[in-house]
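Inspection log for the structure reproduced underneath, given as structure tokens.
The values are calculated or read from the model by the stated rules, or taken from the named source; none is laboratory data. Please read all numbers here as calculations on a predicted model, not as lab measurements. FYI the Cβ positions are ideal-geometry reconstructions off the backbone, even for glycines, and counts take in every protein chain you see. Protein only, heavy atoms only, side chains kept; ligands, DNA and RNA dropped before computing areas. Shrake-Rupley method; radii C 1.70, N 1.55, O 1.52, S 1.80 Å.
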Amino acid sequence: MPLASKEIVAPDVFWVGSIDWSVRVFHGYHTDEGTSYNAYLLMDEDVTLIDTVKQSFSQELIERITQVTSLDSVKYVIMNHAENDHSGALPYVMTLLKNATIVTNKICMEHLLLLYPELRHYPFKIVNNSTPLVLKSHTIQFLQVPMLHWPDSMFSYCPDINTLFSNDGFGQHIACSERFIDQVPLQDHVLRQMREYTANILGPCQVPLQHALKCIESIQIDTILTGHGCSWRDASVQLALSEYSIFAQNKQLKRKLSIFFHSLSGTVKRTAELLAQQSPIQIQMHDLTIDDLTKCALSAFDSEYIAFGSPTIYGQVTPLVESTLQYLLNLHLFKSRKVILFGTFSWADKAVIDMKQLIKNGGGTVVSEISFKLQMNEKIKEQIYEDFKLIF
Ligand SMILES: Cc1cc2nc3c(=O)[nH]c(=O)nc-3n(C[C@H](O)[C@H](O)[C@H](O)COP(=O)(O)O)c2cc1C
């Protein structure tokens with residue numbers, strides 16, 4: 001059966017990826033809506049496969065390729081990044097693509113050979129920004145975008161069709177039957193998923209992102225074909241670029257307060273609710289016993305204000321608060337944010353002290369500390385009121 005025509009995603013380019021409808025956790029990231037592993041086949045006399053899929057979808061990838069062309073006609077397999085969601089199928093695929101050479105950068109080749117030693121039996125062609133791959137009727141240029149989000153990450157760009165193969169760049173974890181954002185009824189939803197992906201995967205990558213945007217600013221892009229989720233074409237290309245540009249400059253911050261708390265018997269929870277009541281700005285509330293880290297990162301992503309609350313338990317902040325706080329710190333999500341800490345104790349406050357230390361180590365700015373013994377009183381309420389007058 002030939003591949004459906006909707007899988008022609010750019011002139012001479014077929015989508016040959018896989019949709020993972022049921023994956024819900026992806027290296028710790030909660031993929032509530034599944035994801036896709038997008039691979040592409042560029043039809044030329046020198047047929048070129050761009051990226052592969054997760055190992056469990058290897059056979060599906062082969063079937064899709066054979067719906068378009070013979071396996072023997074594939075001459076190159078470009079690997080833009082070595083992580084297993086893009087490379088897992090590569091060892092199997094190479095056993096069947098008898099005439100193919102793996103095309104990638106030096107770091108990516110090193111990663112691939114460490115992950116899959118059997119690949120040493122196949123030819124590699126090492127490329128960089130100044131060594132394009134010249135096919136019979138197309139040229140592919142390579143743009144190294146290190147740390148977006150691994151040191152080996154690169155974009156491939158085909159100027160003949162103004163198409164950027166962006167791998168993890170501009171992606172989102174969504175499983176859907178549409179290939180482009182303009183085919184999806186709720187485009188805001190795709191943007192939200194892209195922000196969630198950005199917060200959780202690219203959080204610490206603002207500088208590499210600035211570099212990547214600089215690399216592509218002078219090239220004509222009609223289509224961005226991503227490694228996950230929906231791709232971008234025509235007018236939506238600008239939307240994708242402007243989303244990334246906003247994040248690269250940390251301009252996504254809004255007047256919003258994200259409150260994260262853990263409460264064993266309700267005191268900290270009641271305090272969180274009081275903060276929400278007093279706040280003159282939009283609130284997002286996260287009970288850490290319910291909300292996962294992925295959602296917490298998305299919430300913090302565009303919040304100018306972040307509040308964390310914990311009781312002192314066994315002489316310290318609770319592990320749940322500590323790990324969430326550390327996760328957000330690792331993703332640089334305290335950068336330029338104002339932080340409010342609140343906690344309760346029975347005999348010696350330590351939770352607020354611990355949280356403050358963590359935030360100080362991570363370069364955040366604490367603007368208010370609220371700590372009280374067992375029960376909130378009028379004096380504490382007054383402090384919150386006064387602090388909020390100054391903060392907001
Ligand atoms: C298992 C347990 C351990 C606790 N350990 C401490 C502690 O080490 N130091 C302290 O001052 N209070 C300790 N407390 C008291 C709590 O910090 C206090 O009751 C707090 O107000 C509880 O907040 P919550 O109602 O939001 O859970 C402990 C309470 C529990 C239940």
| field | Rounded D (µm²/s) - segment 254-391, Kirkwood Rh over Cα pairs, Stokes-Einstein at 25 °C, 0.890 mPa s | value | 169
| message | I need the peptides 315-326, 331-342 ranked by packing, meaning the mean over residues of other C-beta atoms within 10 angstrom, with the highest value on top. | response | 331-342, 315-326
| request: Quick one: pull the percent of accessible area on segment 39-138 belonging to carbon and sulfur, 1.4 Å probe, ligands and nucleic acids left out. | output: 53
| message | For the chain, compute Rg over Rh where Rg is the Cα radius of gyration and Rh is the Kirkwood radius from the inverse mean 1/r over Cα pairs. | response | 1.06
| task | Sort 101-108, 133-140, 237-244 for me by packing, meaning the mean count of neighbouring Cβ atoms within 10 Å per residue, highest on top. | result | 101-108, 237-244, 133-140
| note | Relative contact order in percent for segment 5-248 (Cα pairs under 8 Å, 6+ apart) equals 17
| field | Under Karplus coefficients 6.51, -1.76 and 1.60, residue-wise ³J(HN,Hα) of segment 35-52 in Hz, glycine/proline x | value | 7, 9, 10, 8, 10, 9, 10, 8, 7, 8, 4, 9, 4, 10, 8, 10, 6, 10
| request: Provide the per residue accessible area, probe 1.4 Å, for the chain, rounded to a whole number of square angstrom. | output: 42
| task | Please give the peptides 20-28, 255-263, 60-68 ranked by average Cβ packing (other Cβ atoms within 10 Å per residue), highest first, as a rough proxy for protection. | result | 255-263, 60-68, 20-28
| field | Exposure ranking of 45, 83 by accessible area [1.4 Å probe, largest first] | value | 45, 83
| query | In sequence order, what are the phi-derived ³J(HN,Hα) couplings for segment 82-91 according to the Karplus relation 6.51 cos²θ - 1.76 cosθ + 1.60 with θ = phi - 60°, rounded to whole Hz, with x for glycine and proline? | reply | 8, 4, 5, 5, 10, 10, x, 7, 4, x
| Antiparallel DSSP beta bridges within segment 5-248, as percent of all bridges there, nearest 5 | 60
